[in-house]
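Read-outs: derived from the displayed coordinates by stated rules, not from any lab. Source: prediction; values computed, not measured. Cβ coordinates were reconstructed from backbone atoms using ideal geometry, including for glycine residues, and neighbour counts include every protein chain displayed.
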Amino acid sequence: MKLELHSADARTAFEPGEEILLLAAWELDSPVDGLEVRLIWFTQGKGTQDVGVAWKHRWERPPLVGNESVQLLLPDGPYSFSGSLISVSWRLELMMLPAEKGVHMPITIAPEGQEVLLSKIE
Amino acid sequence: MVLPRNNPFAAERLDALEFRPQGVSWEELVARFRQWNYRGLIVGPEGRGKTKLLRRLYDWCREQGQPAGALRLAFAQRRITKQQRAFVADLPDDAVLFVDSLEQLDWIGWWRLRGMTRRLQGLVATSHWRGRLPVLLECRTSLSLLEELVAELTGGDNHSQDMLSQLFDKHRGDVRRCLRALYDWKSVDKETAGNC
């Protein structure tokens, strides 16, 4: 089995609100109900983890071997950032359904593609 | 400074830790659970792994094909809510109900829950105190358990035994608090790090 997901220009850091082209390719061992690309935000750090799906696109009953592309308009925020208590991060996923197994790719969404680092408040 | 997403003591990494039964094997625990018809109490003070064990048993039931439902009682919640009553009423008779923080219910709340769950296959709960159900396991912690968890989280990073021992004593065996204190310790500059 092989699943691949990347942006057309192979970047992993983007500007907020940028439109990007995603390329997905797969070789499956057995048929699946669908393949879903998702843009996920999530927190990491001291508190309970929060996770949200910001966008998703599904290909129903895909062939065992295939490739597709899809256009994604990235959200304006929140920016990828880290403070002392939490980081807010983004990732792209390509998941087989219904098994929810797949691959994911961490990305940065922030001005100039640089994660915002919040310094300690004095 | 270690960023939250790189902190080995971040919450999602703590959540991913496996429950480690102390003084009993997982197989013995599950055998007891079956023998007691899926009824029992997981007891212990805070930070001893009760909720982690409850979730592990819940997952185990589901893996066995056993219907199961879970309720989490909020702090100072003395009675089951209307939604929670409806949830329990919808469970099939062969389901096992898992209740986190049973100690929150007052006597009437417990009496009602017991009545509602009599028809179910099983009832397992966590509590800070004994009573209401037979004790399936009393969760305990130890300094060696803390050392083991820290080693797993950090990949064997250097934490002196003295430091962990002091933490363990300061937080009176509450391993969750110890690990949260280590999060803070990791997240600040070494020179400004105070006592955990």
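Which of A:VAL32, B:VAL175 comes first, and how do the rest follow, when ranked by fewest Cβ neighbours within 10 Å?
In increasing order of surrounding Cβ atoms, one gets A:VAL32, B:VAL175.
Of A:LEU85, A:LEU22, A:LEU72, which is the most mobile in a GNM of chain A whose springs link Cα atoms less than 10 angstrom apart?
Of the options given, A:LEU85 has the highest mean-square fluctuation.
For B:LEU105, what charge total do you get from the other residues with a beta carbon under 11 Å from its beta carbon, if Lys and Arg give +1 and Asp and Glu give -1?
Details: positive: B:ARG78, B:ARG79, B:ARG112, B:ARG114, B:ARG132; negative: B:GLU103, B:ASP106.
That sum, taken over residues with Cβ under 11 Å, equals +3.
Could you give P(r) for chain B, binned at 10 Å from zero, as whole percent values over all Cα-Cα pairs?
P(r) for chain B, in whole percents per bin: 8, 32, 30, 20, 9, 1.
Please compute the contact order of region B:26-138 in relative form: average sequence separation of alpha-carbon pairs under 8 Å and at least six residues apart, divided by the residue count, as a percent.
41 percent
Rounded to a whole number of µm²/s, how large is the Stokes-Einstein D of region B:26-115 at 37 °C and 0.692 mPa s, given Rh as the Kirkwood radius over C-alpha pairs?
Value of D from the Cα-based Kirkwood radius: 235 µm²/s.
Taking trypsin sites (Lys or Arg not before Pro) that fall in a DSSP loop and have at most 15 other Cβ atoms within 10 Å as cut points, what is the longest piece of chain A between them?
A:12-119
Using only alpha-carbon positions, what ratio does the radius of gyration of chain A give when scaled by 2.2 N^0.38 Å?
Working: Rg = 15.7 Å, N = 122, 2.2 N^0.38 = 13.7 Å.
Cα Rg divided by the expected 2.2 N^0.38 Å: 1.15.
Given 25 °C and 0.890 mPa s, how large is the Stokes-Einstein diffusion coefficient of region B:48-162 in µm²/s, with Rh as the Kirkwood radius over Cα pairs?
After rounding, the answer is 154 µm²/s.
Please go through region B:1-98 and write out the trypsin sites (Lys or Arg not before Pro) that DSSP classes as loop and that have at most 16 other C-beta atoms within 10 Å. Please list the in-between numbers first.
Numbers: sites: B:ARG5, B:ARG13, B:ARG32, B:ARG34, B:ARG39, B:ARG48, B:LYS50, B:LYS52, B:ARG55, B:ARG56, B:ARG62, B:ARG72, B:ARG78, B:ARG79, B:LYS82, B:ARG85; in loops: B:ARG48, B:ARG78, B:ARG79.
Answer by residue number: B:ARG78, B:ARG79.
Karplus couplings for region B:6-20 from phi (6.51 cos²θ - 1.76 cosθ + 1.60, θ = phi - 60°), rounded to Hz, Gly and Pro as x?
9, 6, x, 9, 4, 4, 5, 6, 5, 4, 7, 5, 7, 5, 10
Just need the relative contact order of chain B here, percent rounded to a whole number, with Cα pairs under 8 Å and 6+ apart.
Worked out over chain B, it gives 31 percent.
If you take each beta carbon of peptide B:4-14 and count the beta carbons of other chains within 10 angstrom, what is the mean?
The per-residue average across the peptide is 6.
Which residues' amide hydrogens lie under 5 Å from the amide hydrogen of B:ALA70, considering only partners 5 or more residues apart or on another chain, with H built in the peptide plane?
B:PHE98
If the cut-off is 29 Å between C-alpha atoms, which lysines fall inside it for B:LYS186, apart from same-chain ones fewer than 8 positions away?
The qualifying lysines are A:LYS46, A:LYS120, B:LYS50, B:LYS52, B:LYS170.
Please list, or write none, the aspartates and glutamates whose alpha carbon is within less than 16 Å of the alpha carbon of A:LYS101, excluding same-chain residues fewer than 8 places away.
Cross-link targets: A:GLU4, A:GLU27, A:ASP29, A:ASP33, A:GLU36, A:GLU60, A:GLU93.
Assuming 0.890 mPa s and 25 °C, estimate D for the protein assembly as shown with Stokes-Einstein, Rh taken as the Kirkwood radius over Cα pairs, in µm²/s.
The Stokes-Einstein estimate is 108 µm²/s.
Report ³J(HN,Hα) in whole Hz for each residue of region B:106-117, in order, from the Karplus equation J = 6.51 cos²θ - 1.76 cosθ + 1.60 where θ = phi - 60°; Gly and Pro get x.
Whole-Hz 3J(HN,Hα) from phi for region B:106-117: 7, 4, 5, x, 5, 4, 5, 4, 4, x, 5, 9.
Could you give me the ³J(HN,Hα) list for region A:70-85, computed from phi with Karplus coefficients 6.51, -1.76, 1.60 and θ = phi - 60°, whole Hz, x at Gly and Pro?
Working through the residues one at a time gives 8, 8, 10, 8, 5, x, 6, x, x, 5, 5, 8, 9, x, 8, 9 Hz.
Find, among the chymotrypsin sites (Phe, Trp or Tyr not before Pro) in region B:44-105, those assigned to loop by DSSP (not H, G, I, E, B) with at most 15 other beta-carbon atoms within 10 angstrom.
Taking region B:44-105 and a limit of 15 other Cβ atoms within 10 Å, the loop chymotrypsin sites (Phe, Trp or Tyr not before Pro) found are B:PHE75.
For region A:1-56, what class follows from the C-alpha gyration tensor (a ≥ b ≥ c being the square roots of its eigenvalues): rounded when a/c is under 1.5, otherwise prolate if a/b is larger than b/c, else oblate?
Since a/c reaches 1.5 but b/c is at least a/b, the shape of region A:1-56 is classed as oblate.
Between A:ILE86, A:ILE107, A:ILE40, which gets the highest mean-square fluctuation from a Gaussian network model of chain A, Cα cutoff 10 Å?
It is A:ILE86.
Would you calculate the volume per residue, in Å³, of the smallest convex hull containing every Cα atom of region A:22-90?
In region A:22-90, the Cα hull volume divided by residue count equals 110 Å³.
Build a GNM of chain B with springs between Cα atoms under 10 Å: which of B:GLU148, B:GLU46, B:GLU27 gets the top mean-square fluctuation?
Maximum among the listed residues: B:GLU27.
Amide H neighbours of B:ARG39 under 5 Å, at least 5 residues apart or on other chains, H built in the peptide plane: list them.
B:LEU123
Once amide H atoms are built 1.01 Å from N in the peptide plane, which residues 5 or more positions from B:GLN22, or in another chain, come under 5 Å H to H?
So B:GLN22 has HN proximity to B:ARG140.
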